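The values are calculated or read from the model by the stated rules, or taken from the named source; none is laboratory data. Since the structure is predicted, the reported quantities are computational estimates derived from the model, not experimental observations. Cβ coordinates were reconstructed from backbone atoms using ideal geometry, including for glycine residues, and neighbour counts include every protein chain displayed. We work out accessible area using only protein heavy atoms, side chains counted, and drop any ligands, DNA or RNA first. Shrake-Rupley method; radii C 1.70, N 1.55, O 1.52, S 1.80 Å.
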Amino acid sequence: MPTSTWFRLNPAKRERVLQAAQREFGEHGYSTGSLNTIAREADIAKGSLFQYFDDKLEFFTYVAEETAKRIRDEIVKGIAGSDFDQPFTHWLGDMCCLWADYFAAHPLERAVTAAMHLEIDNTVRVLVREPSNLHYRESITPLLAGWRDRGEIRPDLDDEAALALLMLVLPHLALAPYYDGLDPVLGLRGKTPEEQYPIIRSFVATLTPMFEAPRL
């Protein structure tokens, strides 16, 4: 948890530090991310960081949590404006394309997401992914419940299994177009969002029969 000094900072300065940290941790990860570089790019003394956070791990954890929260807030806005009158398959395809659009347009959030998911230190990975996992759970679970209430999702669907599947798919769709070696099958690497759309929709169409209620 950041110190009270952090929250008393001018918001513009706080944002400058956060963005510098997102760039550095996003490019180099936790282990080799440099606090010196963050301080220099944020135009503050390195010692100031230890007035805001107890140590580097707490700083990285905060950056990861704040990034996950920003992603959730923006995606939730997009979901709220989506077309719930269409079939579940089409809606989920739209939402996955919205997801692809977001990560194409937000390189800092994308880089921190990669740093969180690809972190090799088990202890660090657990700490930084726990808040992100909670955001996924809290966002996806009520959506599945809503679609079930509409009769679009099987009443016997295993909610935990469905949640686990989506929590595997969404980070993959976010990162695969931008990092080598993550996607040897779908061919998302290097593609623009518009080029990703038909691939994503085809992929979603193979998943949704596991979710959908039988048509009468």
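Observations on the structure shown:
- Taken together, the criteria exclude L134 from residues that are buried (at least 16 other Cβ atoms within 10 Å of the Cβ) and out of contact with any Gly (no Cβ under 8 Å at 6 or more places or on another chain).
- All positions within the range 114-129 that are more than 13 Å from F60 (Cβ to Cβ) and either out of contact with any helix residue (DSSP H, G or I) (no Cβ under 9 Å at 6 or more places or on another chain) or part of a helix (DSSP H, G or I) (or both): A114, H117, L118, N122
Matching residues to (1) in contact (Cβ under 8 Å) with a residue 12 or more places away in the chain; (2) surrounded by 13 or more Cβ atoms within 10 Å (Cβ to Cβ); (3) over 15 Å from the mean Cα position of the chain (by Cα); (4) not in a loop (DSSP other than H, G, I, E, B):
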| position | (1), (2), (3), (4) |
| --- | --- |
| K13 | yes, yes, yes, yes |
| R16 | yes, yes, yes, yes |
| N36 | no, no, yes, yes |
| L49 | yes, yes, yes, yes |
| E65 | yes, yes, no, yes |
| R72 | yes, yes, no, yes |
| I75 | yes, yes, no, yes |
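- E109 vs. criteria open to solvent by 60 Å² or more (accessible area, probe 1.4 Å), under 25 Å from K77 (Cα atoms) and charged (D, E, K, R): no
- Filter result for R40 (open to solvent by 40 Å² or more (accessible area, probe 1.4 Å), assigned to a helix (DSSP H, G or I) and touching a residue at least 24 places away in the same chain (Cβ under 8 Å)): no
- Set F88, F25, F59: member being in contact with a strand residue (DSSP E or B) (Cβ under 7 Å, 6 or more places away or on another chain) and surrounded by 17 or more Cβ atoms within 10 Å (Cβ to Cβ): F88
- Listed by first and then second residue, the pairs linking a residue in the range 106-125 that is under 14 Å from T32 (Cα atoms) to a residue that is charged (D, E, K, R) and assigned to a helix (DSSP H, G or I), with Cβ atoms under 6 Å apart and 6 or more places separating them unless they lie on different chains, are M116/R129; E119/R125.
Every residue, every condition in (1) among the small types (G, A, S); (2) closer than 21 Å to A145 by Cα, yes or no:
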| residue | (1), (2) |
| --- | --- |
| A39 | yes, no |
| D43 | no, no |
| D55 | no, no |
| E58 | no, no |
| E65 | no, no |
| D73 | no, yes |
| H135 | no, yes |
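- Total residues in the range 1-11 satisfying the condition of being surrounded by 12 or more Cβ atoms within 10 Å (Cβ to Cβ) and not in a helix (DSSP H, G or I): the figure is 3.
- Some residue of the range 167-181 being open to solvent by 60 Å² or more (accessible area, probe 1.4 Å), without any contact (Cβ under 8 Å) to a residue 60 or more places away in the chain and farther than 14 Å from L207 by Cβ: yes
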